[in-house]
Amino acid sequence: MAPLSSAKLAAKNCVPCEGGLPRFSQSESRTQLQSLAGWRLTHRGQRIRKDWLMHNFAAGMQFLSRVGKLAEDEWHHPDLHIEGFRKVWIEIWTHAVGGLSENDFILAAKIDQLPVKLKKPK
């Protein structure tokens, strides 16, 4: 399987899933991750995760609010976390298939297009 580019993934929309989507193998997931900067496999290859260090708490909350709206629009809902004032991380998987599907990579690509205010390096 050739990975779709981040741009091609972001141009797609998540499809409703009640278990009818094919589940990606770990090999397929690793291949697709090549086009998504900063995302990695977790939970024995069943989820993808990305971490950000935000400018401040407000920037983290604004970003998560944008992700929440996107998730509602796509009807695919990730786990959203903010901890330690500015550390944000998102974990995505398709609950209905118990692992990863194309929807997860589509949502990750769309999240990567959202504006984000990161902590400036010293």
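The values are calculated or read from the model by the stated rules, or taken from the named source; none is laboratory data. These numbers were taken from a predicted model, which means no experiment stands behind them. Methodologically, a virtual Cβ is constructed for each residue, glycine included, from the backbone with ideal geometry; neighbour enumeration extends over all protein chains shown.
Go through (1) assigned to a loop (DSSP other than H, G, I, E, B); (2) aliphatic (A, V, I, L, M); (3) modelled with pLDDT of 95 or more; (4) surrounded by 15 or more Cβ atoms within 10 Å (Cβ to Cβ) and name the single condition LEU9 misses.
(1)
Scan (1) hydrophobic (A, V, I, L, M, F, W, C); (2) at pLDDT below 95; (3) within 20 Å of PRO115 (Cα to Cα) for the single condition LEU21 breaks and write down its number.
The single condition LEU21 does not satisfy is (3).
Name the single residue that is nearest to PHE24 (Cα to Cα) among those in segment 85-111 being surrounded by fewer than 17 Cβ atoms within 10 Å (Cβ to Cβ) and out of contact with any strand residue (DSSP E or B) (no Cβ under 7 Å at 6 or more places or on another chain).
By that ranking, first place goes to GLY98.
Here are the criteria: (1) in a loop (DSSP other than H, G, I, E, B); (2) within 22 Å of TRP75 (Cβ to Cβ); (3) not small (Gly, Ala, Ser). Tell me which single one GLN32 does not satisfy.
(1)
Would you mention how many residues in segment 85-113 are closer than 22 Å to ALA7 by Cα and not in a strand (DSSP E or B)?
Here the count works out to 15.
Would you point out the residue of segment 46-84, among those that are under 14 Å from the mean Cα position of the chain (by Cα) and in a loop (DSSP other than H, G, I, E, B), that is surrounded by the fewest Cβ atoms within 10 Å (Cβ to Cβ)?
Filtering first and then ranking leaves TRP75.
Only one residue in TRP75, TRP39 is within 25 Å of LYS119 (Cα to Cα), hydrophobic (A, V, I, L, M, F, W, C) and in contact (Cβ under 8 Å) with a residue 12 or more places away in the chain. Which one?
Unique residue meeting the criteria: TRP39.
Could we say that ALA37 is assigned to a helix (DSSP H, G or I), of a type outside the set (Phe, Trp, Tyr) and modelled with pLDDT of 95 or more here?
no
Filter segment 26-45 down to residues that are surrounded by 13 or more Cβ atoms within 10 Å (Cβ to Cβ) and not hydrophobic (A, V, I, L, M, F, W, C), then give me how many there are.
9
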